[in-house]
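Written out below as structure tokens is the structure these notes cover.
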Amino acid sequence: MTHVRGGGEGKMAAPMEVAVCTDSAAQLWSCVVWELHSGANLLTYRGGQAGPRGLALLNGEYLLAAQLGKNYISAWELQRKDQLQQKIMCPGPVTCLTTSPNGLYVLAGIAESIYLWEVSTGNLLVILSRHYQEVSCLQFTGDSSHFVSGGKDCLVLAWSLCSVLQADPSRTPGPRHMWSRHTLPITDLHCGFGGPLARVATASLDQTVKLWEISSGELLLSVLFDVSIMAVTMDLAEHHMFCGGSDGSIFQVDLCTWPGQREKSFQPEQDHGKVFRGHRNQVTCLSVSTDGSVLLSGSHDETVRLWDVQSQQCLRTVALKGPVTNACIILAPISMLSSDFRPSLPLPHFNKHLLGTEHGDEPRHGGLTLRLGLHQQGSEPSYLERVEQLHGVMCSTLEKNVLGGQDQLRIRVAELEDEVRNLRKINRDLFDFSTRIITRPAK
């Protein structure tokens, strides 16, 4: 998303990056937003204490914060910062929180279970109970097709959203992958770029950071440190992995120059140029700017620090009033910078029980719910656009001279042609169905 910061009409400036931070004291505010490079305060939000891994932006219109030790999630409109808009009541204290990048779903960890809500209706769609202890972190992939959960039971679970939503209600949905190579509780995780092909970094008290592949479920890399790792992130290009230690150090692992072995120890004396030093207590959160040049870190020493990645020098230190629970860099949505912006749709009442039909939640009458995601219409590619994309893939594949693989190439082309035909049929069926619905005479 691009915003105009000044200049003549029609000129588009670079997107503004902001830092969003919370601490456990919340004496003056619950959350603060400041411009990344100038350090100027832009916004503050008041009303409660956000817990670790408990801050999320919903559809670029709302800020959600899981309250520390309490059974509700606070929600603010981005521009109505002084007025708490809504409390999303939950069955128990929320231990971690995330939202899907497409703005359609909210995920929360409550005890050892994962709760999935649909934003458009507020319905609780499913409760996933495959962890054996408290869920400590959750994150979606960039295309919202998968999400990953980590828990104090030492397990990391990779879930397919489509499989979870289409599962038989009489059976508990299962994860696509269960990664059990950590030996102590999971402290943090980060999903890289690539959707279903993304790589996932996981950190643990067992002093290791592991890198996994969602598509195959394979362990790609395991790095052993001298201290427990409390936070992990990667830059957008995935050249570097940054690992925050319990002693306040931040370690930089270069993924592109890493040797072929899957397991290795990080040696500070050999990699002294790859350690960021300055925090006096454990690092709780890490985030990297879009261009990969700046690293943001939060710590229990009640400071947020901004680092230059190339030199490992601290550029700015911001003192807060308590241990930092969340600190992340985001591209500021237009709603954050425009004072007259209002959300396209109000937040619905979020139900505490499945489908909103039990134990006091208001029942929903009516026979058909059609989930169109009205506020997302136009942002997702249509079936015809996907057909064109597939056709382009086919053409580029045919143009390549693949030595020794002609049979596999023909098979792949045939598969793509079948998929194109199926997508065209789906598009025709959807058009016919929509036409019948629209033109049906009112009774």
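The residues of the range 88-114 that are open to solvent by 10 Å² or more (accessible area, probe 1.4 Å) and under 15 Å from the mean Cα position of the chain (by Cα), listed by number, are Thr98, Thr99, Pro101, Asn102, Leu104, Tyr105.
Look at (1) among the aliphatic types (A, V, I, L, M); (2) farther than 18 Å from Gly103 by Cα; (3) modelled with pLDDT of 95 or more; (4) within 19 Å of the chain's Cα centre (by Cα) and you find that Leu184 fails only one, number (4). Here is the figure for the range 319-329: residues that are open to solvent by less than 40 Å² (accessible area, probe 1.4 Å) and within 17 Å of Gly39 (Cβ to Cβ) total 4.
Got at least one residue in the range 200-210 being assigned to a loop (DSSP other than H, G, I, E, B) and open to solvent by 80 Å² or more (accessible area, probe 1.4 Å)? No; the residues of the range 200-210 include none that is assigned to a loop (DSSP other than H, G, I, E, B) and open to solvent by 80 Å² or more (accessible area, probe 1.4 Å). Scanning the range 122-149 for residues that are closer than 21 Å to Gln166 by Cβ and part of a strand (DSSP E or B) turns up Leu124, Leu125, Val126, Ile127, Leu128, Leu138, Phe140, His146, Phe147, Val148, Ser149.
If you go through the range 167-174 one residue at a time, do you hit one that is at pLDDT below 95, over 26 Å from Pro346 (Cβ atoms), open to solvent by less than 30 Å² (accessible area, probe 1.4 Å) and in a loop (DSSP other than H, G, I, E, B)? Checked against the condition, which is being at pLDDT below 95, over 26 Å from Pro346 (Cβ atoms), open to solvent by less than 30 Å² (accessible area, probe 1.4 Å) and in a loop (DSSP other than H, G, I, E, B), the range 167-174 yields at least one hit. Screening Pro196 on (1) part of a loop (DSSP other than H, G, I, E, B); (2) touching a residue at least 40 places away in the same chain (Cβ under 8 Å) shows it passes everything except condition (1). Restricting attention to the range 214-230 and to residues that are assigned to a loop (DSSP other than H, G, I, E, B) and in contact (Cβ under 8 Å) with a residue 40 or more places away in the chain, the residue that is farthest from the chain's Cα centre (by Cα) turns out to be Asp226. Test Ser382 against the stated conditions and say whether it is modelled with pLDDT under 65, small (Gly, Ala, Ser), closer than 28 Å to Asp143 by Cβ and surrounded by 10 or more Cβ atoms within 10 Å (Cβ to Cβ). Yes; evaluated as a whole, the condition is true for this residue.
Condition first: open to solvent by less than 60 Å² (accessible area, probe 1.4 Å) and over 22 Å from the mean Cα position of the chain (by Cα). Can you find one or more residues in the range 283-299 that meet it? No, the range 283-299 contains no residue that is open to solvent by less than 60 Å² (accessible area, probe 1.4 Å) and over 22 Å from the mean Cα position of the chain (by Cα).
Could you say whether any residue in the range 247-268 is open to solvent by 20 Å² or more (accessible area, probe 1.4 Å) and touching a Cys at 6+ places or on another chain (Cβ under 6 Å)? Steps first, please.
Applying the first criterion (open to solvent by 20 Å² or more (accessible area, probe 1.4 Å)) to the range 247-268 yields 247, 254-265, 267-268.
From what is left, the residues that are touching a Cys at 6+ places or on another chain (Cβ under 6 Å) are none.
No: the range 247-268 contains no residue that is open to solvent by 20 Å² or more (accessible area, probe 1.4 Å) and touching a Cys at 6+ places or on another chain (Cβ under 6 Å).
Scanning the range 421-443 for residues that are open to solvent by less than 90 Å² (accessible area, probe 1.4 Å) and either in a loop (DSSP other than H, G, I, E, B) or of a type in the set (S, T, N, Q) (or both) yields Asn427, Ser434, Thr435.
Only a single criterion out of (1) more than 28 Å from Leu224 (Cβ to Cβ); (2) under 19 Å from the mean Cα position of the chain (by Cα); (3) small (Gly, Ala, Ser) is not satisfied by Ser170, namely (2). The strands (runs of 3 or more DSSP E) falling completely within the range 16-76 that include 3 or more residues that are open to solvent by 20 Å² or more (accessible area, probe 1.4 Å) map to 41-45, 50-58.
Hey, can you tell me all the residues within the range 115-140 that are of a type in the set (A, V, I, L, M, F, W, C) and either surrounded by fewer than 20 Cβ atoms within 10 Å (Cβ to Cβ) or under 21 Å from Arg171 (Cβ atoms) (or both)?
First pass over the range 115-140, keeping only residues of a type in the set (A, V, I, L, M, F, W, C): 116-117, 119, 124-128, 135, 137-138, 140.
Across the range 115-140, the qualifying residues are Leu116, Trp117, Leu124, Leu125, Val126, Ile127, Leu128, Val135.
If the condition is being surrounded by 22 or more Cβ atoms within 10 Å (Cβ to Cβ) and among the small types (Gly, Ala, Ser), then the range 175-199 contributes Gly192, Ala198.
Which of the residues spanning the range 40-64 are small (Gly, Ala, Ser) and over 14 Å from the mean Cα position of the chain (by Cα)? Ala40, Gly47, Gly48, Ala50, Gly51, listed by residue number.
The values are calculated or read from the model by the stated rules, or taken from the named source; none is laboratory data. Given the structure is predicted, the values throughout are model-derived calculations rather than measurements. Ideal geometry is used to build each Cβ from the backbone, glycine not excepted, and the neighbour counts take in all protein chains shown. Note: accessible area is taken over every heavy atom of the protein model, side chains too, but ligands, DNA and RNA are not part of it. Shrake-Rupley method; radii C 1.70, N 1.55, O 1.52, S 1.80 Å.
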